[in-house]
Amino acid sequence: MASDRRTLLADAALDVLADEGIRGLTHRAVDRRAALPPGTTSAYFRTRAALLTGLVTRLVQRDQAELHMTAEALPPLRTAGELVDGMAMLTRQRLTGEGRRRSLARYACAVESVRDPELREILVPRDNAGREAVRRFLAERGVADVDDRTHTLLTCIDGLVFAGLVSGGDVPREALEGLVAAALR
């Protein structure tokens, strides 16, 4: 029961952060969002730091699950166009609906992690099926420094998602095609 309650509270904290920003993230706001009695959040996450750590941990769990499901939904990548298609699908997921909300929370937490090594460690990019699919695609094409190229490509995609959030736009397919072409050079 306690882990279910912690998950519920972490999800509510993520929603508060997405809707109200870092300043709006309080124990009381999370209690209200979770429709729980006042003081519930502080009983599970005593400090703001503990609340942020719980939120970030849950955010990473949800992101990893999304990346795993996305990679499994795609057939093995055979062409650069298929890789671009997968990247386009991921960026759409990150810029719309629930994925957009997680992206807003992720970037707010990334800024907080500058001053918090524990948050930074939790947010470090993880190995996952999506990252491995990109790495394998590049390796099969003889790309040198495949790990560095994979990291650079995915970091650039992340930057395009951030720009899309800030500008309210989409990630242009041409930008994804350019990044994939550069990774293959």
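The values are calculated or read from the model by the stated rules, or taken from the named source; none is laboratory data. Since we're looking at a predicted model, the values are computed, not measured. Quick reminder, even Gly has a Cβ in these numbers, built from the backbone with ideal geometry, and neighbours come from all protein chains shown. Note: areas computed on protein heavy atoms with side chains; ligands, DNA, RNA excluded. Shrake-Rupley method; radii C 1.70, N 1.55, O 1.52, S 1.80 Å.
Values as computed for the structure displayed
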quantity: Where a residue in region 161-178 is at pLDDT 95 or above and aliphatic (A, V, I, L, M) and its partner, wherever it lies, is open to solvent by less than 50 Å² (accessible area, probe 1.4 Å) and part of a loop (DSSP other than H, G, I, E, B), with Cβ under 7 Å and at least six apart; calculated: 161/171
quantity: Residue 173 vs. criteria open to solvent by 60 Å² or more (accessible area, probe 1.4 Å), basic (Lys, Arg) and within 17 Å of residue 22 (Cβ to Cβ); calculated: no
quantity: Among residues of region 42-58, those that are assigned to a helix (DSSP H, G or I) and free of Cβ contacts under 8 Å to residues at least 60 places away in the same chain, counted; calculated: 9
quantity: Pair list, Cβ < 7 Å and 6+ apart or interchain, from region 137-151 residues that are closer than 21 Å to residue 82 by Cβ to residues that are open to solvent by less than 70 Å² (accessible area, probe 1.4 Å) and of a type in the set (Val, Ile, Thr); calculated: 138/146; 138/150; 139/146; 149/143; 150/134
quantity: Residue 76, sole failed condition from (1) of a type outside the set (A, V, I, L, M, F, W, C); (2) farther than 24 Å from residue 170 by Cα; (3) part of a helix (DSSP H, G or I); calculated: (3)
quantity: Residue match in region 90-97 (condition: crowded, with 19+ Cβ neighbours inside 10 Å and without any contact (Cβ under 8 Å) to a residue 40 or more places away in the chain); calculated: yes
quantity: Residues of region 85-137 classified as charged (D, E, K, R), under 12 Å from the mean Cα position of the chain (by Cα) and within 17 Å of residue 176 (Cβ to Cβ), total; calculated: 1
quantity: Filtered residues of region 150-170 (kept if open to solvent by 80 Å² or more (accessible area, probe 1.4 Å) and closer than 18 Å to residue 97 by Cα); calculated: 162, 166, 167, 170
quantity: Contacts under 7 angstrom Cβ, first residue in region 12-27 being surrounded by 13 or more Cβ atoms within 10 Å (Cβ to Cβ), partner not in a helix (DSSP H, G or I) and not basic (Lys, Arg), 6 or more apart; calculated: 13/25; 16/25; 17/25
quantity: Flag if residue 82 is over 18 Å from residue 17 (Cβ atoms), part of a helix (DSSP H, G or I), over 14 Å from the mean Cα position of the chain (by Cα) and at pLDDT below 95; calculated: yes
quantity: Selection status of residue 67, assigned to a helix (DSSP H, G or I) and farther than 30 Å from residue 20 by Cα; calculated: no
quantity: Matching entry among 77, 119 (being of a type in the set (A, V, I, L, M), open to solvent by less than 50 Å² (accessible area, probe 1.4 Å) and within 27 Å of residue 24 (Cα to Cα)); calculated: 119
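One line per residue, one yes/no per condition, for (1) surrounded by fewer than 12 Cβ atoms within 10 Å (Cβ to Cβ); (2) in contact with a helix residue (DSSP H, G or I) (Cβ under 8 Å, 6 or more places away or on another chain); (3) acidic (Asp, Glu); (4) within 24 Å of residue 121 (Cα to Cα):
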residue: 29; (1), (2), (3), (4): no, yes, no, no
residue: 32; (1), (2), (3), (4): no, no, no, no
residue: 41; (1), (2), (3), (4): no, yes, no, yes
residue: 44; (1), (2), (3), (4): no, yes, no, yes
residue: 54; (1), (2), (3), (4): no, yes, no, yes
residue: 59; (1), (2), (3), (4): no, yes, no, yes
residue: 65; (1), (2), (3), (4): yes, no, no, yes
residue: 68; (1), (2), (3), (4): no, yes, no, yes
